[in-house]
1. Right, THR296: under 27 Å from ILE135 (Cβ atoms), more than 47 Å from the chain's Cα centre (by Cα) and in the same structural domain as LEU162 (by TED's automatic domain parsing) or not?
2. For segment 294-336, which residues satisfy the criterion of being under 19 Å from ILE282 (Cβ atoms), not hydrophobic (A, V, I, L, M, F, W, C) and not in a helix (DSSP H, G or I)?
3. Would you confirm whether or not segment 201-214 contains a residue that is of a type in the set (Gly, Ala, Ser) and within 23 Å of ASN246 (Cα to Cα)?
4. Select from segment 286-334 the residues that are surrounded by 11 or more Cβ atoms within 10 Å (Cβ to Cβ) and among the charged types (D, E, K, R) and write down the one among them that is nearest to VAL140 (Cα to Cα).
5. Does LEU186 count as in contact (Cβ under 8 Å) with a residue 60 or more places away in the chain and of a type in the set (A, V, I, L, M, F, W, C)?
Amino acid sequence: MFGFDIIVLAFVGLVALSIGGVGYALMFNRIKSEDNSRRRINSIKNTTRTSAAVSSKIRQRADANTRRKNVEDTLKTVEKQKNIDKNSKNPPLEVKIAQAGLSLTLKKFYTYSAILGSVAALVVLLTGITPIAAIGAFAVLGGWFPQWVVNFLRKRRINKFLIEFPNAVDIIVRGVKSGLPLNDCLRIISREAQEPVRSEFLKIVESQQMGLSIPESVQRLAQNVPLSETSFFSIVITIQSGAGGNLAEALGNLSKVLRDRKSMKAKIIAMSMEAKASGVIIGALPIIVGGLVYITSPGYLTPLFTEETGQITMLISAGWMGLGIFIMKKMINFDF
């Protein structure tokens, strides 16, 4: 119909169909292998996605478990630190001697106390006073006075540490912000800070050299210097080591809190000075009046020292005076 013969067209169509069939037959195996390869690739991709999702879930669970374990360890450390703080209110005498900065052993302390008490009792006996007064002198100078000296030196050393401690925390903050590791900051403080902060941080550095971690070494600082400030410092270091975080920011906030507590302490001391002065005057008034009376009329108070009844009266009066001073001290001593 368009000038082509139908037989020729049919022949051409059959030839093309034959060529296509032969080509498909020859390419069948290759097409099938490519199809199988495509299926395997898709299967591997799906498996990889599934494995990645499973691995991600496992990793998230592991991270959550690790974080939970770190928090639990931190809480245990904080509870342990609270128990240490409770037990540090009235530590044993050996611990008090170490906290006072003295290098005495407990045996030497008792030996020196006994020698001091014996000398005091001997002096009292040589003056002709009765043995009851000698026993009292031995008890006071051999028992009470040495421990009072230790407590006085301990309190003075702790107060010096409290004054210098915020500066040490600021050194750590500036060092961490500038890129120094915490160990180097502690070494700088152990070399350049004032006493007793320098010696206490030197103990921290030496503890690390012996194999202890930083949190364990800092916990020893809270034991050697029983202050709320050192406990705060120990807790901050422990939490940062276990759970991570911005150490410079945390210690910066701690430094601000320490300085605010120091300012509040100064205000409380200033406001309580009137009550303390009144207590000192009331406590010293009987002694001053007795001394003036003895100077003006010696014979009026002599029986208190020479007669046994007077000596017993003096001991009882001294006990009541001590009890009154103790009560006044507790009333004006604010815990903050």
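The values are calculated or read from the model by the stated rules, or taken from the named source; none is laboratory data. Source: prediction; values computed, not measured. Positions of Cβ are generated from backbone atoms using ideal geometry, with glycine treated the same way; all protein chains shown enter the neighbour counts.
1. Spelling it out, it is not the case that THR296 is under 27 Å from ILE135 (Cβ atoms), more than 47 Å from the chain's Cα centre (by Cα) and in the same structural domain as LEU162 (by TED's automatic domain parsing).
2. Scanning segment 294-336 gives a single hit, ASN333.
3. yes
4. So the residue we want is LYS329.
5. Values: in contact (Cβ under 8 Å) with a residue 60 or more places away in the chain: no; of a type in the set (A, V, I, L, M, F, W, C): yes.
In short, no.
Results for (1) surrounded by 12 or more Cβ atoms within 10 Å (Cβ to Cβ); (2) polar (S, T, N, Q); (3) in the same structural domain as MET314 (by TED's automatic domain parsing); (4) in contact (Cβ under 8 Å) with a residue 60 or more places away in the chain, shown as yes or no for each residue.
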| position | (1), (2), (3), (4) |
| --- | --- |
| LEU221 | yes, no, yes, no |
| SER228 | yes, yes, yes, yes |
| LEU247 | yes, no, yes, yes |
| LEU258 | yes, no, yes, yes |
| MET271 | no, no, yes, no |
